[in-house]
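See structure below.
The values are calculated or read from the model by the stated rules, or taken from the named source; none is laboratory data. Given the structure is predicted, the values throughout are model-derived calculations rather than measurements. FYI the Cβ positions are ideal-geometry reconstructions off the backbone, even for glycines, and counts take in every protein chain you see. Heads up: the accessible areas ignore ligands, DNA and RNA and are worked out on the full protein's heavy atoms, side chains in. Shrake-Rupley method; radii C 1.70, N 1.55, O 1.52, S 1.80 Å.
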Amino acid sequence: MSEKSVISFDSEVLAKKNDANTPEALFQELISRVQKYHPSDDISQISKAYRAAEQAHKDQVRKSGEPYIIHPLNVAIILADLELDKETIIAGILHDVVEDTFMTEEDLKKEFGEDVALLVDGVTKLEKIPLSTEVTGQSDEKLEMQAENLRKMFLAMAKDIRVIMIKLADRLHNMRTLQFKNPDSQKRIAKETLEIYCPIAQRLGISKLKIELDDLSLKYLEPNVYYDLVDKIAVRKSVRESYIQDIVKEVGEHIKNADISATVDGRVKHFFSIYKKMKNQNKTLDQIYDLFAVRIIVETVKDCYAALGVIHEMYKPIPGRFKDYIAMPKPNMYQSLHTTLIGTNGQPFEVQIRTYEMHKAAEYGIAAHWKYKDASDGKKVETQEEEKLVWLRQILEWQRDMSDNTEFMDLLKNDLDLFSDNVYCFTPTGEVKNLPAGSTPIDFAYSIHSAVGNQMVGARANGKLVNIDYQIKNGDRLEIVTSANSKGPSRDWLNLVKSTQAKNKINQWFKNEFKEENITSGREQLATYCKNKSINLSELLMPEYMEAITRKYGFRDWDAVLAAIGHGALKEGQVVNKMRELYDRDHQKELTNEEVLAAIAEASGTGVRPAHMKKKSGITVRGIADLSVHFSKCCSPVPGDEIVGFVTRGRGISIHRTDCVNMMNLPEMERVRVIDAEWKPEEGQEKYTAEIQIFATNRNGLLADISRALTEKNIDILTMNSRINKQGMATLQTAFAVESREELNRVIDKIRSVEGVVDIERTTG
């Protein structure tokens, strides 16, 4: 083929690709997919929704430059792939019109019915909920905000689970087109997706969405890891595919010879799954052999176990790697038999066996609720698998009793942790209980009922008495011994239980049992705190301030706030400081620097001297004699930094960098305490403490190389701490002594040259 014809062919392919992405082509693709599973030929409402959305979004474009209507059409196509009902498809097309265009909820209700309007309204409200995922190290206020936003999201899901499915489809298409966002937005959205939306997709059992969201999150959070995996897997692709095909062919023949009707196929595990395995087991890709799974799909449950017998006869199973999720489904109602076998060449591989119905449920999860089925009256029939929403109902039940947002966040991280192992056990009547690994009989007792846990005095496992700290094993049959004379749970139980559900119920018992004592204790703690801090409590106990605190922390009344302080769920300092902020806001008093300094001088029995004070520290401040000057630990200023002084209560003047977070975020009332300060170095430079944070890709020898870089610059290291996150990123915080900012900059430049170092920041508060 000539070069000219090649160019012509490429242009033709590109033109076809562009045509396929036009709004009209996408709409036809949507209709085609809907008609594959929907019994009705009537697509008039979907067509009407498309025309309405096209008109509403006509002047809008995405960051990619495409017409905005491309996005809602792709969202609707994802929903159609999940075989959802027409109302959900229509709401997917219209999900942005209320927020971004002239259309109103009333317009939607009038044109498309109340069901669609409610779904769009639910998605619109979810869009307005910011889901910050940086929980560690956040202030109490930010933690409360995040917990409150997550509460709102779960409430929206409870009203109609289809709302979150539209949101998941919306997030998936946004992740597919994330390359058009800036790097900071890419990381923020990918992190939120991995920590919030992937777990929800998993809980809803929608593996079709969850797997792709996982991989796309990895692509933007750890691009080097992602593309390295892509390249390495591609290199051995032919060898691996040949091996999979051989096993599939061999297994298929044996299953057929056993007269079992089945579909057998093989698949490579998705990138995020491989990455987690490499990270958790500290292995390279070459050391992981079971990168793929063989899937056997049969007609009946009986055939599942028959097929299991056939493959266990063919290959040697690895002990302890067999899991029966058919008899004991996962919390999201996923069902399959899982077994890991040794192949003929000594390499392990996984086999999953399930029925066609189980396979559909694994792919579509909760979406199966809204599939259309033929009914005698011609209307849709919704199949309700309520078990799949048990976890959501539990969240809503628990959060009603939870005033402490830390408890609520613990529940989401622990009880709903999708990557933690679970243990399955049985009640005396044969009911299956699914608990976190490491659970004790106490967890089991509270999973049955609060009253059972509160009256527990002993337990039996498989007919034998066991201690209350006994760790439950898979298959255990548990029986709880109760007594009406029980004095209730012990506080020591809080250290034994694993499930947040049990911890919450134990704490709830103590709150209710000792409510009066807690109220009295809380009142006394408030009074003592204010007395020690010389604060007039009576000024703060105004109805409006008490109401503001009650509302802020989500309590019913002031007594509940006092009780929370009494049993330790709330710190008295938190409450007093917040009330003082409110009081100071309403009683502002303007002071000059001179007045502040004069007041301190008067209190210390010295006179104001409107001169400069020079200290051995090398700092000159406008102030008074005999007033101590110290360097703040929050930002560790060194000579050369721009600095200010802050007049503290009883501790002299603290010196801060001008870019210190604490200085930048000072309340307006406190700004009068800021005074001028400057460096006045003397002969014989002193040493000053500097503190920096180093962000680096974790590797062996990283800490040693950074220490060596500091040693080569003759730097004395004062402290060094490190931590590693789940993505393999290391954060090192180190403090050391330097003479000036110039020396500090030279040290930072040296550390930047260390392999793997990504960024360095000075602490700013």
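Side notes on the structure shown:
- The Rg/Rh ratio of the range 714-761, with Rg taken over Cα atoms and Rh as the Kirkwood radius over Cα pairs, comes to 0.99.
- Carbon/sulfur fraction of accessible area - the range 34-104, other protein chains in place, 1.4 Å, %: 46 percent
- Kirkwood hydrodynamic radius of the range 207-361, from the reciprocal of the average inverse Cα-Cα distance over all distinct pairs: 16.6 Å.
- Note on the range 161-290: with neighbouring protein chains present and a 1.4 Å probe, carbon and sulfur make up 48 percent of its accessible heavy-atom surface.
- Net length gained if the chain between GLU670 and GLU313 were fully extended (0.36 nm per residue, minus Cα distance): 120.8 nm
- Size check on the range 162-201: the Cα extents along the three principal axes, sorted descending, read 30, 17, 11 Å.
- Among the GluC sites (Glu not before Pro) within the range 655-743, those in coil by DSSP and having at most 16 neighbouring Cβ atoms inside 10 Å are GLU682, GLU683, GLU686, GLU739.
- Förster-model FRET efficiency, 45 Å R0, ASP586 and ASN725, C-beta, rounded to 0.05: 0.55
- Spin-label proximity, ARG556 to the range 487-517 - amide N less than 12 Å from point 7 Å beyond Cα toward beta carbon: 512
- Radius 10 Å from Cβ of GLN693, net charge of other residues (Lys, Arg +1; Asp, Glu -1): -2
- Estimated FRET transfer efficiency (GLU539, SER242; beta-carbon r; R0 56 Å; 0.05): 0.10
- Peptides ranked, highest mean first, by Cβ atoms within 10 Å: ranges 632-639, 25-32: 632-639, 25-32
- Residues ALA327 and GLN471, FRET efficiency given R0 of 22 Å [Cβ-Cβ distance, rounded to 0.05]: 0.50
- Heavy atoms of the protein chains alone define the surface here; on that basis the range 701-765 has 55 Å² accessible area per residue at 1.4 Å probe size.
- Separation in nanometres of the label points that stand 7 Å from Cα toward Cβ, at SER40 and ASN662: 6.5 nm
- Ranked by how many other beta carbons lie within 10 Å on average, peptides 161-174, 574-587, 84-97 from highest: 84-97, 161-174, 574-587
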